[in-house]
């Protein structure tokens, strides 16, 4: 938990100088998934938009976001929008993260960022933190705050 707090503090300090905004290029990354698959931003996107959720399995709002985005992943046409999560829990929490994720079965890839490197690159200062990236790799929206507002943000993303 200390490493998570340190990572978020470092992210907050770096975000005070730079924060990800709509119109920015989404930072590329390479992380391992909870099922052991090395994954990049490009692997996740292909030629579609991506909802990228940063969170912790020890955060109730983050678990609610995982559930909400699981519904989005099931409802959306896979050709239009993809959903993925980046877990920011400390590296020594990986076993617990895997167990929680298996229990939740979100239906999309969950990546491990225990060192907080990707979270810092995306300017994550609080969780859950959701980024909408279009098919060109451009950030279209960044969301922090109440899940009711997140629901509003994603309405229409799956519309024909």
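The values are calculated or read from the model by the stated rules, or taken from the named source; none is laboratory data. As the structure is a computational prediction, the values presented were derived from the model and not from experiment. For neighbour counting, all protein chains shown are included, and Cβ atoms are generated from backbone atoms with ideal geometry for every residue, glycine included.
Observations on the model:
- Flag set for residue 122, criterion: at negative phi and modelled with pLDDT of 95 or more.
- Filter pass, residue 97 being buried (at least 21 other Cβ atoms within 10 Å of the Cβ), over 13 Å from the mean Cα position of the chain (by Cα) and modelled with pLDDT of 85 or more: yes
- Region 84-115: number of residues that are touching a helix residue (DSSP H, G or I) at 6+ places or on another chain (Cβ under 9 Å) and either within 11 Å of residue 56 (Cβ to Cβ) or part of a strand (DSSP E or B) (or both): 15
- Qualifying strands (runs of 3 or more DSSP E) (wholly inside region 13-76; at least 1 residues being touching a strand residue (DSSP E or B) at 6+ places or on another chain (Cβ under 7 Å) and closer than 25 Å to residue 149 by Cα): 49-55
- Against the numbered list (1) under 18 Å from residue 37 (Cα atoms); (2) under 12 Å from the mean Cα position of the chain (by Cα), residue 115 comes up short only at (2).
- Answer from 74, 63 - the residue that is without any contact (Cβ under 8 Å) to a residue 60 or more places away in the chain and either crowded, with 17+ Cβ neighbours inside 10 Å or within 27 Å of residue 19 (Cβ to Cβ) (or both): 63
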